[in-house]
Amino acid sequence: MVARGDVIWTPSPERIAAGNWSRFAASAVGEYGAPSDAASDSTALHRWSIADPGAFWAAIWDLGGLGPHRGPFGDLSGGVAAAPSFFPDGRVNVAEVLLGEPTDHDALVVIGEDGARRVLTRRRLSDAVRAAAGALSADGVRPGDRVVAVVPYSIESVVIGLAAAAVGATFASASPDFGEDALVDRFGQLDPTVLVASGRHSYAGRQHDTSARAATLAERLGVRRGVMIAAEPTAAGGTWLEWDAWLGGATPCAEFELFPFDHPWYVLFSSGTTGKPKAIVHRAGGVLLKHLSEHTLHSDIRRGDVVFQFTTTGWMMWNWAVSALAAGATVVSYDGSPFHPGPTALWDVIDAERVTLFGTSAKYLDECAKVGLEPRLSHRLESLRTISSTGSPLSIDRFAWVYAAVAPDTHLASISGGTDLCGCLVAGYPTEQVRAGVIQGPALGVAADVVDDDGSPAVEQQGELVVDRPFPSQPLGFVGDTDGSRYRSAYYERFPGRWHQGDRTTRTADGGFVIHGRSDATLNPGGVRIGTAEIYRTVDRHPEVVDSIAVPRVVGDDQVIVLFVRLRDGCVLDDELIADLRARIRSELSPRHVPAAIGQVNRIPRTKSGKLVEIAVRTIVNGGTVAETGALDDASALDEFVDHPCLASL
């Protein structure tokens, strides 16, 4: 059995030499003042990136070709809590950078569940974005206005997102499976000018007509213009236009205006399961620089590569994936269910499109392993160089499964960050060994660390993930938070002078990171803090268990652990299985990890991006109600936890 920290992949010297990291490190030493050891030592390169942020981020600016209007580096002396500007005089148009030169190379490829393939070259994407930018301007959209979209990860989603950036509008998106009230809770905070909505979409082989909902949503939001994709507008009056008619009815934008480095680009939303979602405003230049560093260096995306990130427009990984255009990559999307028309749907795309980087969730890899897939036996996967996993901690077993069942010479990059920064705090290192269950290191330019509850450095023990110094994609703030109090409370109050990510984490002696779960979902029976990921690793390996969720139940002045499991079809949670699960947990973990109660449910609730909603279940099992369920993949899954029979004995 593979244990945490075991080396399971080592990059060859040839691969290291051919990668972006090595070329960048050499230029950092030769042109930007990095110490000589940074050319061959990734730890030294990271150390330089936080010690001399002005030189490091200038190098990323130049690497990404952001243009001549960089200006001097900003004053970071106020520390991370000041969320300072890195290039206060810098000016850039992020859409222009992502579009690049209008060549005949493929920019976007969208694959449907039926196998249909839609393609836009760089030239055609540029034309479409310029047409949409002209249409937005004709509708009166000005810099600082908000444009929102309820669309699948399609060509149109990228076109409208880039067009909004081109004219200086702030963009927010959601997938079509969000309910109307959930969309109003999110977009209603923005006072949007334009709504782009898909009138119909397909998922798991079923067609969904959303045109009537889109019309109602536009009315509730009070938008000036509604644009309908894949359906004729049904709303009365002059608000709505069909997508092609809207694009063709205005003069295309000829020139892109340059905007300040800190001009707002995106609004992303927190999950909202404990209240109305926070509307987080992200700065254009900072997010673009952060993505460039993650794509070109940590992910080793090279010009001409093919990047396939499976995501929806309601998850920040959509924003992350679109930015791969700036690295010169072709961006591939799959529009539909990852298991339709069959369990190999995404692996089929990897072969057909010769994907070099496949980004997915830990949950997807877990599902593939549990149904017995071995893609290396059924697919070539010869182009695949990197697999990126995020969304939740990737278990040790899944690290091992990737190398045994998928691709033995692929860089498996477990990464972690979030909506809060639209990027990564800890990431993969393509020049270093991969160790089972461990994220390889802190992202370049990010002073990530782990501290105990008193704020002292913690090594080889669970603590809180923090950042000690500013990084460029710190958000501008929250919409409606006029005095900044909610923003400061969210990130800087727990550990003054530090960014607090809210992830329970261990930093290993060799500089890696192990994420145990969200801090607010941490179990604390008898005063001992336990990360839920530890329990899931043991429980989910049981042959009869498909999925699980563990939450605390308050009993007097203490709390006990309650475990809920979803079992394979035909299996029943009887006394024998309960005893087996408890024995495994006690043996592999500790007596403190053993649940006081175990219950069976038909569904484990998750967000639309696949994350467990432990806080919502914890609220319910302790007698509360969940305020907002729009972010959940299936809100009715929560119903089973209300007065669940297993709670009666507690």
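The values are calculated or read from the model by the stated rules, or taken from the named source; none is laboratory data. What you see is a predicted model; the values in this text were computed from it and never measured. Cβ: placed from backbone, ideal geometry, glycine included. Neighbour counts: every protein chain shown. Please note that ligands, DNA and RNA were not included when accessible areas were found on the heavy atoms of the full protein model with its side chains. Shrake-Rupley method; radii C 1.70, N 1.55, O 1.52, S 1.80 Å.
For the reader, a short list of remarks on this structure follows.
- Per-bin percent of Cα-Cα distances, the stretch 426-502 [5 Å]: 3, 14, 21, 20, 18, 12, 7, 3, 2, 0
- Overall form of the stretch 234-363 per C-alpha gyration tensor (a/c, 1.5; a/b vs b/c): rounded
- Residue-averaged 222 nm ellipticity for the chain, from DSSP H runs of 4+ at -39500 (n - 2.57), nearest 500: -8000 deg cm²/dmol
- Per-selection Kirkwood Rh - the stretch 541-606 (Cα, Å, 1 d.p.): 12.5
- In the stretch 2-111, the alpha-carbon atoms span a convex hull of 225 Å³ per residue.
- Quarter of the Cα convex hull surface for the stretch 561-650, i.e. its orientation-mean projected area (nm²): 6.5
- Percent carbon-and-sulfur accessible area, the stretch 363-507, ignoring ligands, DNA and RNA, probe 1.4 Å: 44
- Taking a straight Cα-Cα cut-off under 14 Å and skipping sequence neighbours fewer than 8 places away in the same chain, the aspartates and glutamates within cross-link reach of Lys608 are Asp177, Glu628, Asp633, Asp634.
- Extension gain, Thr10 back to Arg117 (0.36 nm per residue minus Cα-Cα distance, nm): 34.9 nm
- The gain in end-to-end length when the Ala51 to Asp483 segment is fully stretched comes to 152.4 nm, 0.36 nm per residue minus the alpha carbon separation.
- Global form of the stretch 18-65, assessed from the alpha-carbon gyration tensor, a/c cut-off 1.5: oblate
- Inter-part distance, the stretch 514-591 to the stretch 421-499, computed on C-alpha centroids, equals 27 Å.
- Dipole of the stretch 120-208, positive end: most advanced residue of Ile155, Ala197, Gly140 [Cβ charges, Cα centre]: Ile155
- Extreme residue, positive dipole direction of the chain, given options Pro472, Ala583, Val29 (C-beta unit charges): Val29
- Extension gain from Glu101 to Ser590, taking 0.36 nm per residue of separation minus the Cα-Cα distance: 170.3 nm
- Considering only Ala443, His208, Leu567, and ranking their Cα positions along the charge dipole of the chain that arises from unit charges at the beta-carbon of Lys, Arg, Asp and Glu, the one farthest toward the positive end is Ala443.
- The stretch 263-398: relative contact order in percent, alpha carbon pairs under 8 Å with at least 6 residues between: 20
- Counting heavy atoms of the protein chains alone, Met228 has an accessible area of about 0 Å² for a 1.4 Å probe.
- Largest-first principal axis extents, alpha carbons of the stretch 339-410, Å: 29, 26, 21
- At most 13 other Cβ within 10 Å, DSSP loop - GluC sites (Glu not before Pro), the stretch 306-384: Glu382
- With all protein chains in place and a 1.4 Å probe, the accessible surface of the stretch 108-190 carries 46 percent carbon and sulfur.
- Kirkwood Rh, angstrom, the stretch 391-526 [1 / mean 1/r, Cα pairs]: 15.9
- Compared with the rule-of-thumb size 2.2 N^0.38 Å for a compact globular protein, the stretch 167-224 has a Cα radius of gyration ratio of 1.16.
- Note, ³J(HN,Hα) from phi for the stretch 56-67, Karplus 6.51, -1.76, 1.60, rounded to Hz, x at Gly and Pro: 4, 6, 5, 5, 5, 4, 5, 4, x, x, 6, x
- Convex hull of alpha carbon positions in the stretch 486-604: directionally averaged projected area 9.9 nm².
- Mean Cβ neighbour count within 10 Å, used as a protection proxy, ranking 552-559, 282-289, 639-646 highest first: 282-289, 639-646, 552-559
- Two-decimal log10 I(q)/I(0) for the stretch 481-538, as the Debye equation yields it once each C-alpha is a single scatterer, q = 0.20, 0.25, 0.27 Å⁻¹: -0.87, -1.04, -1.09
- Evaluating 6.51 cos²θ - 1.76 cosθ + 1.60 at θ = phi - 60° for every residue in the stretch 606-619, the Karplus couplings come out as 9, 6, 5, 9, x, 8, 4, 9, 4, 5, 5, 5, 4, 4 Hz, glycine and proline recorded as x.
- Solvent-accessible area per residue for the chain (1.4 angstrom probe, square angstrom): 37
- Share, in percent, of DSSP beta bridges within the chain that are antiparallel, nearest 5: 55
- For the chain: rounded, prolate or oblate by the Cα gyration tensor [a/c cutoff 1.5]: rounded
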